[in-house]
1. Take the residues in segment 39-96 that are modelled with pLDDT of 80 or more and of a type in the set (Val, Ile, Thr); name whichever of them is nearest to Ala13 (Cα to Cα).
2. So how many residues does segment 28-70 have that are in contact (Cβ under 8 Å) with a residue 12 or more places away in the chain and more than 17 Å from the chain's Cα centre (by Cα)?
Amino acid sequence: MLAHYFPGWHFDAALVAQLRNIACLTLVLAGELDGAVPADTGRLLKANLPHSYLVYVHDAAHTLEGARRRRAQQQRHQQQRRASHRRRPRVRTRPS
């Protein structure tokens with residue numbers, strides 16, 4: 001299930017089974033735009049941690065830098081769209 005972390009990565013079923021022994025409340029946060037950790041990971045943790053909550057953070061990447069980079073790209077794209085839609089002022093000439 002989590003083999004898409006690294007090719008040849010071994011899934012440790014014994015370790016996942018031990019998650020059921022964690023008795024404290026656990027908050028599992030997952031970014032909607034996270035490209036580093038598969039979405040299956042959050043669901044796996046939620047399913048195996050007895051007192052856990054899974055929260056997806058809207059428009060968030062894996063790191064703060066990733067989210068900032070994406071936001072900056074969106075802003076540049078919006079500025080380019082606005083600039084291309086602006087009308088150029090018309091130059092009027094008076095008849096002589």
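The values are calculated or read from the model by the stated rules, or taken from the named source; none is laboratory data. Quick caveat, the model's predicted, so the values are computed rather than measured. Heads up, the Cβs are rebuilt from the backbone with ideal geometry, glycines too, and the neighbour counts pull from every protein chain shown.
1. Among them, the one singled out is Thr41.
2. Selection size over segment 28-70: 9.
The rows are residues; the columns are (1) exposed (fewer than 12 other Cβ atoms within 10 Å of the Cβ); (2) outside any helix (DSSP H, G or I).
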| site | (1), (2) |
| --- | --- |
| His10 | yes, yes |
| Val16 | no, no |
| Arg20 | yes, no |
| Ala30 | no, yes |
| Ala36 | yes, yes |
| Arg43 | no, no |
| Lys46 | no, no |
